[in-house]
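What follows is a short report on a single structure.
The values are calculated or read from the model by the stated rules, or taken from the named source; none is laboratory data. All values derive from a computational prediction rather than experimental measurement. Heads up, the Cβs are rebuilt from the backbone with ideal geometry, glycines too, and the neighbour counts pull from every protein chain shown. Surface areas here come from the heavy atoms of the whole protein model, side chains and all, with no ligands, DNA or RNA. Shrake-Rupley method; radii C 1.70, N 1.55, O 1.52, S 1.80 Å.
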Amino acid sequence: DQVGAEHLAVYAEAGLRFFKLGEQAVIDLDAFTLEGSKRQGHRRVISLGARDGLTAEILSPREAEAEMATLRAVSDAWLTSRNAREKGFSLGAFEPTWVASCRVAVVRQEGEIVAFVSLMETDLGEEAAIDLMRHLPDVPTKTMEFLFLRLCEMLKDEGAKRFDLAMAPLSGLTDRQGAPGWQKLAHALYEHGAAGYSFKGLRRFKQGLKPDWRPRYLAVGPGTAPAAALIAAARLINRPAPG
């Protein structure tokens, strides 16, 4: 199982062992602001996006369902541009029924949807998390950063407290001398990624939004070899989506 540091003691009492699987990025929306010198770069992203004709909005599940053909086209174009297939486990996959059950944040350029992020939200609306991120190959360079910054503003205005940017798989592991073999393997997977996906690039993108980073661990039974657990996790990430 994938667990946070706050629950390790509970799982340890059950006899499980832990191996770092990556880092989770979370933005404290109460503290989020675009004001001040440290946020000058973010204000520039918003300004450049507006110059390029970008606008952001959050679609209701019903509105997302009505736009499903367009969302599918954006997703397919994104996969084709990377010669990639859908992933699983810690990476979202395009499944129309699931996408239509959530709100979806989109970027439009001249009225057309060019990028989107599907959201998972608590019933009280205090926390939101991203699931699936997709964009057309030829969007302006800072389109996704524009979307996330605007999304932080919109969610905060709605009263949300936390915005979970999800996990950067295999982030925070090292291949330094003396590190165990399984950790060096994890670092190599992080550096080189999976087909069509850059784990390192994903972490770099999220870091640009200045989140808090929280370690995430793989909890396994006492007889499981670390490398075997890591390989199993990589296979889950790389598995084809159902259907």
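The numbered conditions (1) surrounded by fewer than 18 Cβ atoms within 10 Å (Cβ to Cβ); (2) modelled with pLDDT of 95 or more; (3) under 19 Å from Pro137 (Cβ atoms) are all true for Thr80 except (2). Look at (1) more than 21 Å from Arg214 (Cβ to Cβ); (2) modelled with pLDDT under 95 and you find that Leu48 fails only one, number (2). Of all residues in segment 154-163, at least one satisfies being more than 22 Å from Lys200 (Cβ to Cβ), of a type in the set (Lys, Arg), open to solvent by 70 Å² or more (accessible area, probe 1.4 Å) and in contact with a strand residue (DSSP E or B) (Cβ under 8 Å, 6 or more places away or on another chain). Cβ separations smaller than 6 Å between residues 6+ apart or across chains give the following pairs from segment 83-103 residues that are closer than 12 Å to Arg72 by Cα to residues that are surrounded by fewer than 19 Cβ atoms within 10 Å (Cβ to Cβ) and at pLDDT below 75: Ala93/Ala241. Per the conditions (1) surrounded by fewer than 22 Cβ atoms within 10 Å (Cβ to Cβ); (2) at pLDDT 90 or above; (3) out of contact with any Lys or Arg (no Cβ under 8 Å at 6 or more places or on another chain), the sole criterion not satisfied by Gln177 is (2).
Scanning segment 108-129 for residues that are over 22 Å from Thr80 (Cα atoms) and in a strand (DSSP E or B) gives Leu119, Met120, Glu121, Glu127, Ala128, Ala129.
So which of Leu151, Leu165 ends up being over 22 Å from Leu79 (Cβ atoms) and modelled with pLDDT of 65 or more?
Only one candidate qualifies: Leu151.
Criterion first (surrounded by 13 or more Cβ atoms within 10 Å (Cβ to Cβ), charged (D, E, K, R), outside any helix (DSSP H, G or I) and touching a helix residue (DSSP H, G or I) at 6+ places or on another chain (Cβ under 9 Å)) does Glu57 satisfy it? Spelling it out, Glu57 is indeed surrounded by 13 or more Cβ atoms within 10 Å (Cβ to Cβ), charged (D, E, K, R), outside any helix (DSSP H, G or I) and touching a helix residue (DSSP H, G or I) at 6+ places or on another chain (Cβ under 9 Å). Looking only at residues that are farther than 26 Å from Val114 by Cα and of a type in the set (Phe, Trp, Tyr) in segment 13-54, which one is most open to solvent (accessible area, probe 1.4 Å)? Among residues in segment 13-54 that are farther than 26 Å from Val114 by Cα and of a type in the set (Phe, Trp, Tyr), the one most open to solvent (accessible area, probe 1.4 Å) is Phe18.
Among the candidates Ser118, Ser90, Ser171, which residue alone is touching a Pro at 6+ places or on another chain (Cβ under 8 Å) and either modelled with pLDDT of 95 or more or of a type in the set (S, T, N, Q) (or both)?
Ser90 is the lone residue from the list that is touching a Pro at 6+ places or on another chain (Cβ under 8 Å) and either modelled with pLDDT of 95 or more or of a type in the set (S, T, N, Q) (or both).
Selection of segment 134-161 for residues being within 16 Å of Gly49 (Cβ to Cβ) and under 12 Å from the mean Cα position of the chain (by Cα) yields Met144, Phe148.
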